[in-house]
Amino acid sequence: DGGITQSPKYLFRKEGQNVTLSCEQNLNHDAMYWYRQDPGQGLRLIYYSQIVNDFQKGDIAEGYSVSREKKESFPLTVTSAQKNPTAFYLCASSETSASSYEQYFGPGTRLTVT
Amino acid sequence: GESVGLHLPTLSVQEGDNSIINCAYSNSASDYFIWYKQESGKGPQFIIDIRSNMDKRQGQRVTVLLNKTVKHLSLQIAATQPGDSAVYFCAERESRGSFTYGNNRLAFGKGNQVVVIP
């Protein structure tokens with residue numbers, strides 16, 4: 001089955017610890033994205049990558065870091081500098097051609113920091 | 001866990017009735033629009049999309065209407081079923097002319113909660 005996987009589904013961490021969320025896709029998409037979702041709000045873009053070994057900050061990048069060493073993988077690290085890390089995190093991927101702008105989403109990871 | 005639908009505008013619909021979900025967008029330069037459905041605790045799923053050179057597009061039980069004059073997008077769901085209960089998001093892509101780095105970004109609305117009453 002082609003798609004995007006995120007793991008784990010639920011993650012619990014103590015305040016002050018860094019945590020890395022996994023995102024893998026086998027859709028052969030060049031572009032990948034990380035979003036944060038809070039109750040009552042739309043999706044807010046954290047980071048995105050259009051090509052391997054390159055990525056750009058989104059609207060709320062502070063306190064987060066990413067890497068894109070492989071086309072299939074785009075892990076997100078939530079650092080201790082992120083003031084309100086508890087949220088639902090969504091990874092997505094898309095083509096970079098003009099034929100389709102649809103973003104395909106993974107199932108999400110719910111992070112709880114106490 | 002806490003629902004993504006908390007505090008969102010809510011549309012309650014009787015099963016079998018048609019639903020209309022509205023979305024206002026801000027950028028007149030946006031050239032592509034997309035609707036997603038998100039069930040509680042899951043990732044968004046694609047429903048239908050439309051480019052700015054069209055006013056209407058139909059899918060299975062869904063229709064998207066685009067009014068560029070007033071920057072308004074709507075999603076119509078025919079014969080709403082209990083499985084349609086979810087949060088629905090619209091998103092827009094800002095046109096930036098020829099392909100430039102980063103122009104596949106989408107800007108998402110806050111969403112609307114649809115509750116289907118059996």
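The values are calculated or read from the model by the stated rules, or taken from the named source; none is laboratory data. Quick caveat: nothing in here was measured; it's all calculated off a predicted structure. All Cβ positions, glycine included, derive from the backbone under ideal geometry; neighbour counts span all protein chains shown.
At-a-glance table
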| read-out | value |
| --- | --- |
| The listed residue being touching a Pro at 6+ places or on another chain (Cβ under 7 Å) and of a type in the set (D, E, K, R), out of B:K56, B:K42, B:K71 | B:K42 |
| Elements of type strands (runs of 3 or more DSSP E) contained in the range A:14-64, each with 3 or more residues being crowded, with 21+ Cβ neighbours inside 10 Å | A:19-25, A:31-37, A:44-51 |
| Number of the exception - A:Q82 against (1) part of a strand (DSSP E or B); (2) at pLDDT below 95; (3) crowded, with 18+ Cβ neighbours inside 10 Å; (4) not small (G, A, S) | (1) |
| Residue in the range A:37-51 that is within 14 Å of another protein chain (Cβ to nearest Cβ) and among the aromatic types (F, W, Y) present | yes |
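The rows are residues; the columns are (1) without any contact (Cβ under 8 Å) to a residue 24 or more places away in the chain; (2) touching a Phe, Trp or Tyr at 6+ places or on another chain (Cβ under 7 Å); (3) in a loop (DSSP other than H, G, I, E, B).
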position	(1), (2), (3)
B:S28	no, no, yes
B:K37	no, yes, no
B:I47	no, yes, no
B:M54	yes, no, yes
B:L75	no, yes, no
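A quick yes/no check of all residues on (1) surrounded by 15 or more Cβ atoms within 10 Å (Cβ to Cβ); (2) at pLDDT 95 or above:
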residue: B:G1; (1), (2): no, no
residue: B:L8; (1), (2): yes, no
residue: B:E15; (1), (2): no, yes
residue: B:Y25; (1), (2): yes, no
residue: B:G41; (1), (2): yes, no
residue: B:T63; (1), (2): yes, yes
residue: B:Q76; (1), (2): yes, yes
